1. Using the number of other C-beta atoms within 10 angstrom as an exposure proxy, rank GLU323, GLU181, GLU523 with the fewest first.
2. Pairs to check: LYS512/LYS571; LYS96/LYS401; LYS56/LYS271. Give those whose C-alpha atoms are more than 19 Å from each other in this structure.
3. Rank these for me by crowding, VAL412, VAL438, going from fewest to most other beta carbons within 10 Å.
4. Arranged by the count of other C-beta atoms within 10 angstrom, fewest first, what order do ILE379, ILE58 take?
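The numbers here are math on the coordinates, done by the rules we state, and not lab data. Because the structure is a prediction, the values reported are computed rather than measured. Cβ placement follows ideal geometry from the backbone for every residue including glycine, while neighbour counts extend to all protein chains displayed.
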Amino acid sequence: MGDSLGEVHSTVKTSGKTGWRKLMAFIGPAYLVSVGYMDPGNWATDIAGGSQFGYKLIWVLLMSNLIALLLQSLSARLGIVRGLDLAQASRNGYAKWANYPLFALAQIAIIACDLAEIIGMAIGLQLLFHLPLIWGISITILDTFLLLFLLNKGMRAMESFIVSMVFIVGLSFLIEMFIVEPVFSEVVKGFEPSILSGNALYIAIGIIGATVMPHNLYLHSSLVQTRKIERTPQGIRESLKYNLIDTGVALNLAFFVNASILILSATAFFKNGYHEVAQIQDAHKLLDNIFGSLSPALFAIALIAAGQSSTVTGTLAGQIIMEGHLNLRIQPWLRRLLTRMLAIIPAFFTILYFGEEALGELLVLSQVILSLQLGFAVIPLIHFNSDKKLMGEFAIKLWVKILAWLSALIIVVLNIKLVFEEVTGWINTSENNWWVFVFVLPVILGVLLLLFYVSLHPIISKVRAEIFTAPHGQAMDIQDIEGVIYSSIGIPVDFSSHDKNTIRNALIQGGKEAHYYLIHIVETAGATYHGEKVMDFETKSDFENLQKYQANLKNLGYEASVLIGYGRSAKAIARLAKINNMDLLVMGAHGHKGLKDIIFGSTLDSVRHRVKIPVLIVR
């Protein structure tokens, strides 16, 4: 298991700095996390809550924010102390089979989150530029490349982008507050807790799901590891302190934004008799009618900024859970594209079959799905932070443990209550309710059993300490080393200046006893479609060049054969290696990065995964 987010792991230096400079070195991770607390999904639940119940649900927002502060600080603690993100810790702490459904649930949550970003971004573009929603949703595919660009620029560039987006959102709502002029004495009454049921409970759970987001717990435990700290008790203690400040400031800013949206909705809509505003578009239109053109324009700009920033952090979280739970790493742009496509499908389906007006309900539903997944992230997080054997002196104190378990209990109980109400509603209102018993109830039972396993396994089964403390496994005893003799070596060439160095390294590996295969792949359109039947100018020219290399090696006393492949390089090289029983491939690296790698393809990586023999890469 490699480092979490290996591309940016320990890339921000913190040593040698004091005072404000030290604090600024640690500022950043929580801001990336905080955007998930003010994404378009939050907007939908806050607008629905404010328009239907006025200020009555502000206490739910406050409770959610306090729970988020506690859980995010635990997430940061796990990453700083253990050097593992939550997904990696789960992989070490639970049985291998359990990590597959845990990954699947976390992935569903990320798709639900991404769905909210897609819808929010599309709505923002429609409100500002009058683009049809279906076009806006299609355009959101392009921000895959924004993430690729930011990753290549480094962690600080990504954090600067996110902080600027957060600033735009915060400033927009600060101005909104001056425009709508809420009565603050009534706002204060909203902080008094009340009993929830029916639609209020549904929206309250949506608010919790939109505020305490499961993917943020994975994300924060990884992002704190981008800071290079001293691995001493003093260095860890210092890092925990600065990250707590970072978390406190960033999440309180997120609370200000969410509270502003709810207060805005309550003041503009509930107070004016508009009690059924769940659509972001309706909110925009009503703001225009009530307060003039500036307010809705700010609203749309903030919506786009929130969606764009959240989409970046959602992708990083997807990478973390895949690498952590499954120990599987794929290119970030490909992972981003897959997640986005999986989220775009339900958005397209909703517009085509239920109309654009159904997107608001889909937004709230996506936040409820997020909340339902929370227990599977929160409970392991508390277990890992409580274990004195693993965390040492940094294990959480009893009072923190009690608060954390109380938060987890609130989340799980509210979710169970919601599921029970929804399922009984389906059974009572539908005449043909067989599908509930055949499909829904077995899934619910399976999820509950998994939740029990996640909750009880660390208590009843003490996993061997060495599994936990060595994320990369145990070092083996190295005794006598036998020499490796390669007798059949493949050398892919492309007649560039790199060939000489590649061939030289291959000859060093096998000497004059080995047989060498000089390989070249013809990638013309004709070769792709006609294969060996093609005899175009390029194929003939390439074959003659290979024969020159063969003659040169023969003069030096080496035995070599010539092989021509056709079509895609990686597939053809792997095929020739297998057919000719090669036991080593020596390949030249051309150093393609970023966009070039996408255009020209990453042949080395692809070959590596297709063959079962060693591959020596020569740069």
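1. GLU181, GLU523, GLU323
2. Listed pairs above 19 Å: LYS512/LYS571; LYS96/LYS401.
3. Ascending Cβ contact count within 10 Å gives the list VAL438, VAL412.
4. The order, fewest Cβ neighbours first, is ILE379, ILE58.
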